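Peer 1: So that we are looking at the same thing, I have put the structure below in structure tokens.
Values in this text are rule-based calculations from the coordinates and carry no lab data. From a predicted model like this one, the values you see are computed outputs, not experimental measurements. Virtual Cβ from ideal backbone geometry, glycine too; neighbours counted across all protein chains shown.
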Amino acid sequence: MTLEDQIRACTRCPELAATRTTVVVGDTPPGARLLVVGEAPGALEDASGRPFVGRSGQLLDRLLTEAGLPREQVAVLNTVKCRPPGNRLPTRVETTNCRPWTAAQLERLSPSLVVTLGLSAASWFLGRSTLSALRGRVHEVDGRRVLPTYHPAAALRGGPAGAPMRLLREDLATAVRLVA
């Protein structure tokens, strides 16, 4: 059984397993040097089985392309593979239950750089903090480079001239330079 099949068969979180449509394993193109990690699938991701396909994903795709690295060349995962009901934040238990899957994917992908989108994903790698204390600089975590930044949803809420949009754009451009 492949890693992806094992992830799809997971029932460690009974509530998530009972309410999900699809386990969102992630997009992992061969040879991807950049890995983008979010928090958990939303409704559109649960329906399609792919991460970041809604408005946030469309923004992420556009900003990656603007930075010079199309989404097709970027691995994209979430720390939790099933949609929490009502798009609530994943619980600590759910994140812990999914951790071995994400860790195995991370090990297999071995990206040059990991970009975390939002505080939940940053916390998965770096522990609890504030995003403003973490974002914009590369952190070394278990021999991996991790660059925390804003989630595209925060950039959308802040509007096209808001700080989260500007900083997300800058951080993704930095990420692309770092893996070039």
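Peer 1: Under 10 °C and 1.306 mPa s, how fast does segment 117-167 diffuse according to Stokes-Einstein, given a Kirkwood radius computed over C-alpha pairs? Answer in µm²/s, whole number.
Peer 2: Answer from the Stokes-Einstein relation: 141 µm²/s.
Peer 1: Using just the helices of the chain, give the 222 nm mean residue ellipticity in deg cm²/dmol: DSSP H runs with n ≥ 4 each add -39,500 (n - 2.57), and the total is spread over all residues, rounded to 500.
Peer 2: Per the formula, -13500 deg cm²/dmol.
Peer 1: Classify segment 1-75: rounded, prolate or oblate, from the alpha-carbon gyration tensor (a ≥ b ≥ c, eigenvalue square roots; a/c under 1.5 rounded; otherwise prolate if a/b is larger than b/c)?
Peer 2: oblate
Peer 1: Follow-up question, since we're still on this one. Each residue of segment 135-145 in turn: what ³J(HN,Hα) in whole Hz from Karplus with 6.51, -1.76, 1.60 and θ = phi - 60°, glycine and Pro shown as x?
Peer 2: 6, x, 9, 7, 10, 8, 9, 6, x, 10, 8
Peer 1: Next up: Report the extension gain between THR19 and ARG137 in nm, rounded to one decimal, defined as 0.36 nm multiplied by the number of residues separating them, less their alpha carbon distance.
Peer 2: Result: 38.8 nm gained on full extension.
Peer 1: Could you grab the relative contact order for segment 47-149? Cα pairs under 8 Å, six or more apart, rounded to a whole percent.
Peer 2: Reported relative contact order: 19 percent.
Peer 1: Moving on. Within segment 125-155, what residues put their amide N at less than 11 Å from the label point 7 Å along the Cα-to-Cβ vector of LEU178?
Peer 2: The answer is 135-141, 144-149.
Peer 1: Then there is this: Given points 7 Å out from each Cα along the Cα-Cβ axis, report the GLN58 to ARG157 separation in nanometres with one decimal.
Peer 2: Label-label distance for GLN58 and ARG157, simple model: 2.0 nm.
Peer 1: In addition: In degrees from 0 to 90, rounded to the nearest 10, what is the angle of the helix 55-67 Cα long axis to the longest principal axis of the chain?
Peer 2: It is inclined by approximately 40 degrees.
Peer 1: Got the relative contact order for segment 3-179 handy, in percent, Cα pairs under 8 Å and 6 or more residues apart?
Peer 2: So the answer I get is 24 percent.
Peer 1: With 22 Å as the cut-off, how large is the P(r) tail for the chain, expressed as percent of Cα-Cα pairs?
Peer 2: 39 percent
Peer 1: Let me ask another. Please list, in chain and number order, the residues 5+ apart from ARG145 or on another chain whose amide H is under 5 Å from its amide H, with Hs placed from the backbone.
Peer 2: Amide H neighbours of ARG145, under 5 Å, 5+ apart: VAL114.
Peer 1: Under a Cβ-Cβ cut-off of 14 Å, what is the net charge of the residues other than LEU60 that fall near it, where Lys and Arg count +1 and Asp and Glu count -1?
Peer 2: Result for the neighbourhood of LEU60: -2.
Peer 1: With N set to the number of residues, divide the alpha-carbon radius of gyration of segment 38-145 by 2.2 N^0.38 Å and report two decimals.
Peer 2: In units of the 2.2 N^0.38 Å rule of thumb, it is 1.05.
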